[in-house]
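Student: Can you keep this structure in mind? I'll have questions shortly.
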Amino acid sequence: MNFKNDKINEECGIFGGYSPQKNIAPYIKCALLKLQHRGQEAAGISCGNNFQKVVKDCGLVNSALENFLIKELEGNFGIGHVRYSTFGDDRKENIQPLKITYMGEDVSLAHNGNVSQAKKIRERFERLGEVFLSSSDSEVMLKTLIFSLKKKPSLWTFDEVAKCLKKNFSLGAYCILLYLPNRILAFRDNFGYRPLMFAKCKEGYFVASEDVAFYGLNADEIIEIKPAEGIEITGEGYQIKSFATPKEIRQCVFEQIYFSSSASNVFYKNVYETRVRLGEILFNSVDNNFTADVAIPVMDSGLGCAIGYSQASKIPFHLGLIRNNWMERSFIQPNQDKRSFNVKQKFIPIKSVINGKKIVLIDDSLVRGTTSSEIIKMLRKCGAKEVHMRSVSPKIINTCLWGVDIPTKTELISFGKTDGQIASLIGADSVKFLPPEMLSKVFEGNVWCKKCFKEDKNEVFLP
Ligand code: AMP
């Protein structure tokens, strides 16, 4: 266990809502399975009507929320969460939804984001003698709501909750679901860093991190909740309201590049199409005269990218690596040995595709370089003649405060290094990245957060 950092709610997935005819718990479980890529460390559901019951545990959705446990959940309202923790803080108390009882009424909260003010607020509370049961931002948010509103949760209005979030967490990135007695409230922060979708379905009204969660439901309408908007869902219906005027929109490009499912439409764009387009642009901008025997994707997020690159370059596309989907995402493992071990477990090479070939290997991004260097070793072992690494994301040279787990600058393989230096570090014959200025061909306008590709001019690098 490691409590180095309290940024623990980052790239999670949330789902919740109301189902009039039926018990909502199986719908939530199915949706969380479709959001599993957003967090594989823990999963939970809070469900009920007047009283809320929570089932949550470590692990993938199917093991944390086994069917016999889901059968014990009843009720028309509920929220669920899949968790991605970034610094190995694996305390069970941090698993969401977080439920508390206040003035005899239950409230549950599920959160995707990172609220930077939480640390200061927690310290203020602690100086007043308040005790926290977890190290999560979510508990700070819940306590802040309780202290500000100081009345039964059934009396909390949309406007009061929104005002409190705005006042205390306006610098943060949050998509938050609150399950109050017979009501669900959902909010997307002012900057709109993370996506939040709503679906009006035959089965009920639902809110989710990505619209992929709604597949399998009979949706009449799917809409994106805009930055600084929220929704209130009751047994009578739903209402979407804005609670502020967004000053600056900062949609995270990594939701499109890496984090969201290829099947999702995030920030009004289909994720698969974005990745294909990035692959095409990468070839056209940096590799025009380059050729190879085969273009191989690093699955899953590299798949669309490699298809686009192959289409633009006419280099044949092949699956040279099969991905074992039952392994957790390697990136989140707490140390380098474990991360390398995980990459080796996750990818299985197809020797006949690789042997004797000049390969162009395409991934969405290089962060620490663990995935690429382990895969390149594998390809060489299988007889690859040459391996050329390509990333559809520009070089990641800056950390992220807003919910994408990008480690300290010194851990970033691209920070302060040339393409040639990176190639020799990961064992590739060459490495190329999308030039940052090309991003605007896909991510138009000034509504995107691209901070991770930019240098902080005022900072001095101390090795
Ligand atoms: P690394 O192995 O550290 O170079 O990380 C790059 C790999 O992790 C790529 O295969 C990406 O698909 C994936 N990845 C990129 N960004 C992230 C992120 N913020 N969190 C988790 N995984 C990521």
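The values are calculated or read from the model by the stated rules, or taken from the named source; none is laboratory data. On a predicted model such as this, the values are computed, not experimentally measured, just so you know. Reconstructed Cβ throughout: ideal geometry from the backbone, glycine too, with neighbour counts over all protein chains shown. The protein model used for the area step is the full one, side chains on, heavy atoms only, and it has no ligands, DNA or RNA in it. Shrake-Rupley method; radii C 1.70, N 1.55, O 1.52, S 1.80 Å.
Student: Restricted to segment 436-458, and to residues that are open to solvent by 50 Å² or more (accessible area, probe 1.4 Å) and part of a helix (DSSP H, G or I), which residue is farthest from R390 (Cα to Cα)?
Tutor: The selected residue is K451.
Student: Among (1) at pLDDT 95 or above; (2) over 19 Å from E139 (Cα atoms), there is one condition A186 misses while meeting the rest; what is its number?
Tutor: (2)
Student: How about segment 367-399: which of its residues are polar (S, T, N, Q) and farther than 17 Å from V286 by Cβ?
Tutor: T370, T371, S373, N398, T399
Student: Take K120 and decide whether it is over 25 Å from the mean Cα position of the chain (by Cα) and either at pLDDT 90 or above or part of a strand (DSSP E or B) (or both). Before the answer, list the steps.
Tutor: Values: over 25 Å from the mean Cα position of the chain (by Cα): no; either at pLDDT 90 or above or part of a strand (DSSP E or B) (or both): yes.
For K120, the condition - over 25 Å from the mean Cα position of the chain (by Cα) and either at pLDDT 90 or above or part of a strand (DSSP E or B) (or both) - is not met.
Student: Mind telling me which of the residues G39, G88, G44, G59 ends up being touching a Pro at 6+ places or on another chain (Cβ under 6 Å), under 25 Å from Y258 (Cα atoms) and at pLDDT below 95? Steps first, please.
Tutor: On the way: G39 fails: touching a Pro at 6+ places or on another chain (Cβ under 6 Å); G44 fails: at pLDDT below 95; G59 fails: touching a Pro at 6+ places or on another chain (Cβ under 6 Å).
Unique residue meeting the criteria: G88.
Student: When you scan segment 165-186, do you find a residue that is in contact with a Phe, Trp or Tyr (Cβ under 7 Å, 6 or more places away or on another chain) and either assigned to a helix (DSSP H, G or I) or free of Cβ contacts under 8 Å to residues at least 40 places away in the same chain (or both), even just one?
Tutor: The answer is yes, given that some residue of segment 165-186 is in contact with a Phe, Trp or Tyr (Cβ under 7 Å, 6 or more places away or on another chain) and either assigned to a helix (DSSP H, G or I) or free of Cβ contacts under 8 Å to residues at least 40 places away in the same chain (or both).
Student: Name the residue, out of L439, L361, that is modelled with pLDDT of 95 or more and out of contact with any strand residue (DSSP E or B) (no Cβ under 6 Å at 6 or more places or on another chain).
Tutor: Going through L439, L361 in turn, just one is modelled with pLDDT of 95 or more and out of contact with any strand residue (DSSP E or B) (no Cβ under 6 Å at 6 or more places or on another chain): L439.
Student: Does K56 meet the test of being surrounded by fewer than 14 Cβ atoms within 10 Å (Cβ to Cβ), in contact (Cβ under 8 Å) with a residue 24 or more places away in the chain and among the basic types (K, R)?
Tutor: no
Student: Here's a follow-up. Mind checking which residues of segment 12-41 are closer than 12 Å to V61 by Cα, buried (at least 24 other Cβ atoms within 10 Å of the Cβ) and not charged (D, E, K, R)?
Tutor: G13, I28, A31, L32, L35, G39
Student: Turning to a different aspect of this structure: If you check every pair at least six apart or on different chains, which have Cβ atoms under 7 Å apart with a residue in segment 64-86 that is in contact (Cβ under 8 Å) with a residue 24 or more places away in the chain first and a residue that is among the small types (G, A, S) and assigned to a helix (DSSP H, G or I) second?
Tutor: Pairs that qualify, where the first residue is in contact (Cβ under 8 Å) with a residue 24 or more places away in the chain and the partner is among the small types (G, A, S) and assigned to a helix (DSSP H, G or I), are I70/A25; L73/A25; G78/A25; G80/A31.
Student: So G403 ticks every box in (1) surrounded by 24 or more Cβ atoms within 10 Å (Cβ to Cβ); (2) modelled with pLDDT of 95 or more; (3) not basic (K, R) but one. Which box is left unticked?
Tutor: Looking at each condition in turn, G403 falls short on (2).
Student: Another question, then. Working only within segment 361-400, note down all residues that are open to solvent by less than 30 Å² (accessible area, probe 1.4 Å) and of a type in the set (D, E, K, R).
Tutor: Those that are open to solvent by less than 30 Å² (accessible area, probe 1.4 Å) and of a type in the set (D, E, K, R): D363, D364, E374, R390.
Student: If you scan segment 146-169, which residues turn out to be surrounded by 15 or more Cβ atoms within 10 Å (Cβ to Cβ) and charged (D, E, K, R)?
Tutor: K163, K166
Residue by residue, here is whether (1) over 14 Å from I28 (Cα atoms); (2) open to solvent by less than 10 Å² (accessible area, probe 1.4 Å); (3) of a type in the set (D, E) holds:
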| site | (1), (2), (3) |
| --- | --- |
| P181 | yes, no, no |
| N190 | yes, no, no |
| R194 | yes, yes, no |
| A199 | no, yes, no |
| E203 | no, no, yes |
| A208 | no, yes, no |
| G216 | no, no, no |
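Student: Can you pull out every residue in segment 248-265 that is part of a loop (DSSP other than H, G, I, E, B) and open to solvent by 10 Å² or more (accessible area, probe 1.4 Å)?
Tutor: Listed by number, the residues that qualify are E248, I249, R250, S261, S262, A263.
Student: Could you say whether any residue in segment 224-238 is open to solvent by 30 Å² or more (accessible area, probe 1.4 Å), assigned to a helix (DSSP H, G or I) and touching a residue at least 40 places away in the same chain (Cβ under 8 Å)?
Tutor: So far as segment 224-238 goes, no, none of its residues is open to solvent by 30 Å² or more (accessible area, probe 1.4 Å), assigned to a helix (DSSP H, G or I) and touching a residue at least 40 places away in the same chain (Cβ under 8 Å).
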